[in-house]
Amino acid sequence: MNDIFTDEFFMKKAYQEAEIAFEKGEIPVGAVIVIDNKVIARTHNLTELLHDVTAHAEMQAITSAANFIGGKYLKDCTLYVTLEPCQMCAG
């Protein structure tokens, strides 16, 4: 495994998404989903922009990753998020 692909590396990617959310006036939370050291989803909170209380970064990332994979199970994927998920997202 290449040393560049560490948890810290992917958390920095999630943090970059949180910064984008902050710039948009959102609560600054970012998330990325990784499989085999490849980012397959990256996003941030969109609750204000979409006027949707469920548009949390984690939920957006899960939907995007599921679309990428073509199924509902994210087997062997890792979610990196800049804030502990709320009960809705953790469930």
Can you tell which of GLU23, GLU17, GLU84 is open to solvent by 60 Å² or more (accessible area, probe 1.4 Å) and modelled with pLDDT of 95 or more?
GLU23
So which residues in segment 22-48 are touching an Asp or Glu at 6+ places or on another chain (Cβ under 7 Å) and in a helix (DSSP H, G or I)?
THR47, GLU48
With the condition kept exactly as written, say whether any residue in segment 56-79 is at pLDDT 95 or above, touching a Ser or Thr at 6+ places or on another chain (Cβ under 7 Å) and surrounded by fewer than 18 Cβ atoms within 10 Å (Cβ to Cβ).
yes
Out of curiosity, is GLU19 in contact with a helix residue (DSSP H, G or I) (Cβ under 7 Å, 6 or more places away or on another chain) and either assigned to a helix (DSSP H, G or I) or closer than 16 Å to THR82 by Cα (or both)?
no
What number of residues within segment 30-53 satisfy the criterion of being under 14 Å from the mean Cα position of the chain (by Cα) and exposed (fewer than 12 other Cβ atoms within 10 Å of the Cβ)?
1
For segment 40-88, give me each residue that is of a type in the set (D, E, K, R) and more than 16 Å from GLY25 (Cβ to Cβ).
ARG42, GLU58, LYS72, LYS75, ASP76, GLU84
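The values are calculated or read from the model by the stated rules, or taken from the named source; none is laboratory data. Computed from a prediction, not measured in an experiment: that's the story for all the values here. Counting neighbours? That spans all protein chains shown, and the Cβs are built from the backbone with ideal geometry, glycine included. Heavy atoms of the whole protein, side chains included, go into the accessibility calculation; ligands, DNA and RNA do not. Shrake-Rupley method; radii C 1.70, N 1.55, O 1.52, S 1.80 Å.
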